[in-house]
Amino acid sequence: MKKLTFFAVAAALLCAGCNNDDNGEAPKDPTKLVYGGVTYNLVTLADGNTWMAENLRYIPEGKKVSSDYTEDAGIWYPAGADKVADATLVESKGLLYDCATAFGVDEITEENAYSFEGKQGICPKGWHIPTNAELTGLVGHNSTGELTNPNAPYYDADIKGASIDALNADGFNWTFVGIRNKTTLTGTGAYLCTTYEDAVGALSYVLGSTCYQVKKNTDNVITNYQYYSLMSTYNKTNKKVTVAYGNVLAGMSVRCVKNK
C-alpha cells in the first residue's frame, strides 16, 4: 500500500469519531454543507433536487476504513490506476461503501432488503440515499434499456443516458473512482478500475437505496442483493451515466440528496 501522509491519517482518525447524529451544519453559503467536520459542495440540478456535488467521505462511529479489497470491511479507501488503496485520494474521490454501511445497518437480509428506499443511512439529517425514481428522474435511462424516463432533464436519446459533460456543466462533478467489486455473497472482493483516456476509474457507481432484486440460485439460496445505482460508461462512443444494478457487497461512492 502506498505510504499514507500524516495529514491523511490524522483526518481519517478525526472523522472516525463522527456519527450519523450529526445534523449537517448549513453555512451561510447555500452551496455548502458541513458534515462530520468536512465541507461538501452542493448543487441544485435541473431535476429540482439538491445533491452533494462530491462523493461522501464520512466514517460512521465504530467503523474503520480498509485498504484490503478482499476484506468485507464495509468501507474502503479509493485507488488509482495501480489498484492500490490510497488514503491520500479520499479528499478528491471520497470513500467506497457497501450497501449495509451506507444504509446504516449491520446486515442486509431477505426480510429487510426492500426497506431502505429513501433512507437517511449515513447521510446527514434532512438528506437521504437517492431512490430509483430520483436516479432515473435525473439521467432517464436504465443500462438494460428499461425504466426509461424520457422527461428526465439530462436524458439524451442519442446516447441512451445522460451526458457526463451535461451533468458536469450543471455542477454535478461526476467523479471517476472505480469500485470495490464483489459479484456474489461468497465471492472474493477486488478493485475494478478501468481507464479510458484521462478517466481513471471510468466505470464508477453511485449507490441508490431502492432494491432491484434478491438474487437466488436454482437451489433457492440467496447469492446476491442488488440496488439501483448510477453507473458511468466512458469510452470512445459513450461518455454517459445510466442506472444499473450495484452489488450489495461492492464498494461504491455515495452522494446524498436533500429531502424536500
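Read-outs throughout are calculated quantities, based only on the coordinates presented, and are distinct from any laboratory measurement. Small disclaimer: the values here were computed from a predicted structure and weren't measured. Every residue, glycine among them, receives a Cβ derived from its backbone with ideal geometry; neighbour counts consider all protein chains shown.
For A202, the residues whose modelled amide H falls within less than 5 Å of its own, excluding neighbours fewer than 5 places apart on the same chain, are T194, T195, Y196.
Take the cross-link list K119/K260; K160/K260; K215/K240; K93/K240; K63/K240 and give me the ones stretching past 25 Å between alpha-carbons. Before the final figure, lay out the partial values.
Details: K119/K260 13 Å; K160/K260 28 Å; K215/K240 27 Å; K93/K240 19 Å; K63/K240 33 Å.
Result: K160/K260; K215/K240; K63/K240 exceed 25 Å.
Comparing V139, V34, V90 in a Gaussian network model of the chain (Cα springs below 10 Å), the most mobile by mean-square fluctuation is V34.
Using the Karplus relation 6.51 cos²θ - 1.76 cosθ + 1.60 with θ = phi - 60°, the per-residue 3J(HN,Hα) values for the stretch 83-90 come to 6, 9, 4, 9, 5, 6, 8, 4 Hz, with x marking Gly and Pro. Helical content alone sets the calculated 222 nm signal of the chain at -3000 deg cm²/dmol, taking -39,500 (n - 2.57) per DSSP H segment of four or more residues and averaging over every residue. Name the shape class, rounded, prolate or oblate, that the alpha-carbon gyration tensor gives for the chain, where a ≥ b ≥ c are the square roots of its eigenvalues, rounded holds for a/c under 1.5, and otherwise prolate holds if a/b is larger than b/c and oblate otherwise. The shape class here is rounded.
Listed by chain and number, the aspartates and glutamates placed with their C-alpha closer than 18 angstrom to that of K258 are D21, D22, E25, D29, D47, E54, E117, E134, D170; residues fewer than eight positions away on the same chain are left out.
Taking the Cα centre of the chain as origin, sum charge times position over the Cβ atoms of Lys and Arg (+1) and Asp and Glu (-1), and report the length of that vector in debye to the nearest 20.
On the way: 22 positive and 28 negative charges, 61 e Å.
With only Lys, Arg, Asp and Glu charged at Cβ, the dipole is about 300 debye.
Converting phi to 3J(HN,Hα) with the Karplus coefficients 6.51, -1.76 and 1.60 and the offset θ = phi - 60°, the stretch 183-200 yields 7, 9, 5, 9, x, 10, x, 8, 7, 10, 9, 7, 10, 9, 6, 9, 8, 7 Hz in sequence order, with x at every glycine or proline. Modelled this way, with points 7 Å down the Cα-to-C-beta line, the labels at V43 and T223 are 3.8 nm from one another.
Amide H contacts under 5 Å for T223: K215, K216, N217, restricted to partners 5 or more places along the chain or on a different chain, H placed in the peptide plane at 1.01 Å from N. Annotation: the antiparallel percentage among DSSP beta bridges lying fully within the chain is about 95. Placing R0 at 25 angstrom, the Cβ-Cβ distance between N235 and V84 gives a FRET efficiency of 0.55 after rounding to 0.05.
Rounded if a/c is under 1.5, else prolate if a/b is larger than b/c, else oblate: which is the stretch 105-245, with a ≥ b ≥ c the root eigenvalues of its Cα gyration tensor? Could the numbers behind the result be given before it?
Details: a/c = 1.67, a/b = 1.39, b/c = 1.20.
Here the stretch 105-245 falls in the prolate category.
Let me know the shape class of the stretch 24-113, please: from the alpha-carbon gyration tensor, a ≥ b ≥ c as square roots of the eigenvalues, rounded when a/c is under 1.5, otherwise prolate if a/b is greater than b/c, or oblate. Cα axes put the stretch 24-113 in the oblate bin. When the chain is treated as a GNM with alpha-carbon contacts under 10 Å, the residue of G178, G126, G246 showing the greatest mean-square fluctuation is G126. For the stretch 102-155, the Cα-based Rg and Dmax, in that order, read 13.5, 37 Å.
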